[in-house]
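The values are calculated or read from the model by the stated rules, or taken from the named source; none is laboratory data. None of these values were measured; they are calculated from a predicted model. Virtual Cβ from ideal backbone geometry, glycine too; neighbours counted across all protein chains shown.
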Amino acid sequence: MTVPYEFDEVREDLEKLLGDVLRSVLGEEAEPLPEGVDGPPAADDDRPAVSVLAIVDDADGTRLGVRVRVTGRLAHLLAARMFATEQPDSEDLLDAVGELGNIAGGNVKALLFGSSGTARLSLPSAALGGAIVAAAVPDEAPAPAVVRAVVLGDVAELTLLPQMAADDLVWPPVVRPEVLEAQP
Amino acid sequence: MKIVVADDSRAMRMIVVRTLRQAGLGGHEVLEAENGREALELVGEHRPDLILSDWNMPEMTGIQFLQTLRARGDATPFCFVTSEGSEEMREQAAAAGALGVIAKPFTADSFSDVLSSVVTS
């Protein structure tokens, strides 16, 4: 089981990926936030939103968690723009943040597992208000890789979590082609 | 034209429909499905002219959906709209009979480039 990247080598790619994803869903420019630099603080009563997915490579057992975290304010803006409504509800926020994570996860998979025909991506699990999403990482796991960006005055964060437990996430079905062909 | 849009994310289904419009390919009847199995039923009922499908979905994935359609002799133009645009997936999609793969994040131009040959405004 290996970590499929050297963080320093992919940092720029991950920053670009996060910026591209935010730009595509919000239609706004996102500026990378350098490591160690504080971004604009969230409001005291802000309830952050989180989306978590996992990539698992069945060939060697590699597991990598992909977590996207945004402020509640940004999640609200995101859902408002995605659903073209001024007052998105909690379900809209969960769906919007889940899709943000899904796009990020798919692009991380293409970036880091592109040549692997055996890597699989889970479906996103999203939560609001700091609720815990399945993202347990063993103590001996390599340190997470984190990149951040500022968009519309708020911080968005993309974290890669090596060896993250993935059993509690939702996975697309694996069906053998001969089963499909037998369907009416 | 009738277009089936299959994606487990309601947000992404809305974005796909909006992007079709922005690409000058709007004004068509859109039928939405949350997974490949639902989409398969819609195709049987409504005989669409185009299918836009996510790859990773619960119940039945996009590639399983496409393979099932083609195994039934259904040649409806089919395009993936997916967050995973790796070369391997593009090859798999082409081998299964897909028109193309539009990778998320996408632009209206991406839609025009791939779909303008099969969708009229």
Legend entry - Among residues of region A:78-110, those that are surrounded by fewer than 19 Cβ atoms within 10 Å (Cβ to Cβ) and not charged (D, E, K, R), counted: 5
Legend entry - Count of region A:25-49 residues which are away from chain B (no Cβ under 14 Å), of a type in the set (A, V, I, L, M, F, W, C) and within 22 Å of A:D168 (Cβ to Cβ): 0
Legend entry - Of all residues in region B:1-28 being modelled with pLDDT of 95 or more and more than 11 Å from chain A (Cβ to nearest Cβ), the one that is farthest from A:S24 (Cα to Cα): B:K2
Inset, instruction - Return only the number of the condition from (1) surrounded by fewer than 20 Cβ atoms within 10 Å (Cβ to Cβ); (2) touching a residue at least 12 places away in the same chain (Cβ under 8 Å); (3) assigned to a loop (DSSP other than H, G, I, E, B) that A:S24 does not satisfy. - result: (3)
Inset, instruction - Just give me the residues in region A:167-176 being within 14 Å of chain B (Cβ to nearest Cβ) and touching a strand residue (DSSP E or B) at 6+ places or on another chain (Cβ under 9 Å), in sequence order. - result: A:L169, A:V170, A:W171, A:P172, A:V174
Inset, instruction - With the checklist (1) on the phi > 0 side of the Ramachandran plot; (2) surrounded by 16 or more Cβ atoms within 10 Å (Cβ to Cβ) in hand, flag the one item A:Y5 doesn't pass. - result: (1)
Legend entry - Positions within region B:1-49 being assigned to a loop (DSSP other than H, G, I, E, B) and closer than 25 Å to B:E88 by Cβ, in sequence order: B:D7, B:D8, B:S9, B:N35
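For (1) over 29 Å from B:V17 (Cβ atoms); (2) facing another protein chain (nearest Cβ under 9 Å); (3) not hydroxyl-bearing (S, T, Y), each residue gets a yes or a no:
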position	(1), (2), (3)
A:D60	yes, no, yes
A:T71	no, no, no
A:H76	no, no, yes
A:A80	no, no, yes
A:G101	no, no, yes
Inset, instruction - Could you tell me which numbered condition A:A75 fails, if it satisfies all but one of (1) part of a strand (DSSP E or B); (2) at pLDDT 95 or above? - result: (1)
Inset, instruction - Tell me, yes or no, whether region B:5-20 has at least one residue that is among the basic types (K, R) and either closer than 17 Å to A:G106 by Cβ or within 13 Å of the chain's Cα centre (by Cα) (or both). - result: yes
Inset, instruction - Would you mind telling me which numbered condition in (1) within 14 Å of chain B (Cβ to nearest Cβ); (2) in contact with a Ser or Thr (Cβ under 9 Å, 6 or more places away or on another chain); (3) under 30 Å from B:D109 (Cα atoms) A:V52 fails? - result: (1)
Inset, instruction - Exactly one condition in (1) modelled with pLDDT under 85; (2) over 16 Å from the mean Cα position of the chain (by Cα) is not met by A:A143; state its number. - result: (1)
Legend entry - Sole residue being under 25 Å from B:E88 (Cα atoms), touching a Ser or Thr at 6+ places or on another chain (Cβ under 8 Å) and assigned to a loop (DSSP other than H, G, I, E, B), chosen from A:L169, A:L123: A:L169
Legend entry - Residues being touching a strand residue (DSSP E or B) at 6+ places or on another chain (Cβ under 7 Å) and more than 8 Å from every other protein chain (Cβ to nearest Cβ) - total across region A:82-99: 4
Inset, instruction - Assess whether B:V43 counts as being farther than 26 Å from A:P88 by Cα and either surrounded by fewer than 17 Cβ atoms within 10 Å (Cβ to Cβ) or under 14 Å from the mean Cα position of the chain (by Cα) (or both). - result: yes
